[in-house]
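To keep things clear, I will list the structure first and then write my remarks on it.
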Amino acid sequence: MAGIREIDKALFPIKNISSVIQLFKNQLEDACEPDLALLSIVAGAVENSLTCRSNAGLQVCEPVEPTSLPVLELHTIEALYSKFQTIMKSAVEPNKGFKSYATRELVKKVSDVVWNSLTRSYYKDRAHLQSLYSYLTGSKLDCFGVAFAVVAGCQALGYSDVHLALSEDHAWVVFGERGTETAEVTWHGKGNEDKRGQEIGKGVSARSWLYVNNKPVICTRHMEVAALVSAINPSLNATHDAFEVALLQQELLWLLYDLGHLKKYPMAIGNLGDLEEIAPKEGRIACSILFEEAISSARTYYNNQHVYPYTYQGGYFYRNKMYKEAFESWANASDVIRLYNYSRDDEEIYKEFLEIANELIPHIMKVESSGFSANTILKKPECFANLLRFYDGICQWEEGSATPVLHIGWAKPLVNTISKFDAEVRAQVDIVCGRPEDGVSKRANGGYFNNNNYEKENGTSDTDLLSSFSSKTLKDDQSTSNFHPSIEAL
Ligand SMILES: CC1(C)CN=C(N2CCN(c3ncnc4sc(CCF)cc34)CC2)S1
């Protein structure tokens, strides 16, 4: 990068949100390629000034314009920017004239520079550790922040082929002539030896959710800006957000959305949906549409192998008491996870499904069986069907995995939930064991359930089950049920 442009310097000193928006607009619309270091430093500085203990108190007690910010001086930003340039260029040979492609050694070296300059030990999961501002002022980064810093460092060194690759819980880089080389550059999870410098999962980890079956989000420079904006963290504390930071994040995500840079980034669309649910913008599409767009993005570009778009949507339905719809979203999420083998790197999505199964669904059942719900879901066969599809997906997730998923703690809420549906409701739902030729089977209750054939990586295919739970034994009791033994025994 050639340094901070005059057109961008002219926006300083930055005193309000619209100046920050303008800076991003300048960078996204006319910069040859957006300067990741500049934007991450500015976004981090704004976030830090409004959320970190030191002056947060000041903000809360002083009535301020909703869009006013603590003044951001050019010299502050320039000092941090040149510090980053110096760190990178003193350790690694710059790529004069953008001539050559990065090598694995180069990428590893940049990762080492970042890695070795971090504080020895600190709480890695703390908030506000994602930006270059945090790196340059506190020598602290979270796991995403390290990956982002490596990509920003490679950009500063003139390697335009190095890009950020994102799964739903990990980040790494792609590089080389065809952008097909991959390298770990950061750590993942707790107590796991980092694999920095190595190619991305070829072994068992390839079948884990962590690597999304080799369907990660491969970022352009503009999508890397979307990633840094998504990573903005407005939280002041466990219960409050700094509204200016949330507002800034929402405005920046709409800017990126309007420029088309969220099309292939389901989680960023979901983040925008969450912000819109809290503070809907005049004249903008509803958050429910955004959650649908995130799902169709994942279906279109990532072979429907991402879980979070469905849990974004399910969470929205749950918060808005749309329980029938929530069951469908969660069953769809489960249809994704059943493809994978559960591995110890998949704790995050395990916790997600655990919370749905053992907290959210039991809460819904409690509310719905309190007797005051006229239009109760307990009378709806499609709700029962979606619940079974949800549980069966988790069962299938476990099948063929080295690590078990289910334990007794799952069974109690599961039995409790299923037993809330009367026999005559359950009987209206039928299971078809086996794989109907047409791939879609019409159901007695008029519903359609895709019989997706799940080719697990290991080559065996299980037909998915289906929607059925007759009060008698399984319809065709010669058939081998697709149910997990624990459900079978109910
Ligand atoms: C439905 C939910 C529980 C709500 N928030 C969710 N997330 C919050 C935002 N997240 C994200 N948002 C944008 N980009 C990324 S890249 C990444 C992997 C580490 F680099 C995570 C993530 C992770 C998922 S999923």
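Please give me the summed charge of the neighbours of Glu181: other residues whose Cβ is under 10 Å from its Cβ, Lys and Arg +1, Asp and Glu -1. In short, -1. Summing +1 for each Lys or Arg and -1 for each Asp or Glu among the other residues whose beta-carbon sits under 10 angstrom from that of Leu36 gives -2. For region 108-186, the alpha-carbon radius of gyration amounts to 1.07 times the rule-of-thumb value 2.2 N^0.38 Å expected for a compact globular protein.
Neighbours of Ser117 by Cβ distance under 12 Å: Lys/Arg scored +1, Asp/Glu scored -1, total +2.
Loop-only trypsin sites (Lys or Arg not before Pro) in region 104-171, please: DSSP not H, G, I, E or B, and at most 12 other Cβ atoms within 10 Å.
Details: sites: Arg104, Lys108, Lys109, Arg120, Lys124, Arg126, Lys140; in loops: Arg120, Lys124, Arg126, Lys140.
Answer by residue number: Arg120, Arg126.
Take the solvent-accessible surface of the protein heavy atoms, probe 1.4 Å, and return the percent of it on region 247-405 that carbon and sulfur atoms account for. Carbon plus sulfur share of accessible area: 51 percent.
Extension gain for the segment Lys190 to Ala411, taken as residue separation times 0.36 nm less the Cα-Cα distance, is 76.8 nm to one decimal.
Can you tell me the FRET efficiency between Lys366 and Thr86 if r is taken as the Cβ-Cβ distance and R0 is 51 Å, rounded to the nearest 0.05? It comes to 0.30.
Share of carbon and sulfur in the accessible area of region 116-199 stands at 44%, probe radius 1.4 Å.
Would you work out the Kirkwood radius for the chain? I mean one over the mean of 1/r across all pairs of different Cα atoms, in Å. Write down the numbers at each step before the final one.
Details: mean 1/r = 0.0409 Å⁻¹.
One over the average 1/r among Cα pairs gives 24.4 Å for the chain.
Full-extension gain between His240 and Thr220, please, as 0.36 nm times their residue separation minus the C-alpha to C-alpha distance. Please report the intermediate quantities before stating the final value.
Values: separation 20, 0.36 × 20 = 7.20 nm, distance 3.28 nm.
Contour length minus Cα-Cα distance gives 3.9 nm.
Label positions at Leu259 and Lys324, each projected 7 Å from the Cα along the C-beta direction, are separated by 4.2 nm.
Please identify the longest segment of the chain free of exposed chymotrypsin sites (Phe, Trp or Tyr not before Pro), where exposed means a DSSP state other than H, G, I, E or B and no more than 14 other Cβ atoms within 10 Å.
Numbers: sites that count: Tyr122, Tyr123, Phe372.
In the chain, the maximal stretch lacking such sites is 124-371.
Per residue, region 75-163 exposes 43 Å² of solvent-accessible protein surface, assessed with a 1.4 angstrom probe and all protein chains in place.
The alpha carbon convex hull volume per residue for region 1-155 rounds to 119 Å³.
Between Phe98 and Ser117, the simple spin-label model (points 7 angstrom out along Cα→Cβ) gives 2.3 nm.
The values are calculated or read from the model by the stated rules, or taken from the named source; none is laboratory data. What you see is a predicted model; the values in this text were computed from it and never measured. Please note: Cβ atoms are built from the backbone with ideal geometry, for glycine as well, and neighbour counts cover all protein chains shown. Side chains included, ligands, DNA and RNA excluded: accessible areas come from the protein's heavy atoms. Shrake-Rupley method; radii C 1.70, N 1.55, O 1.52, S 1.80 Å.
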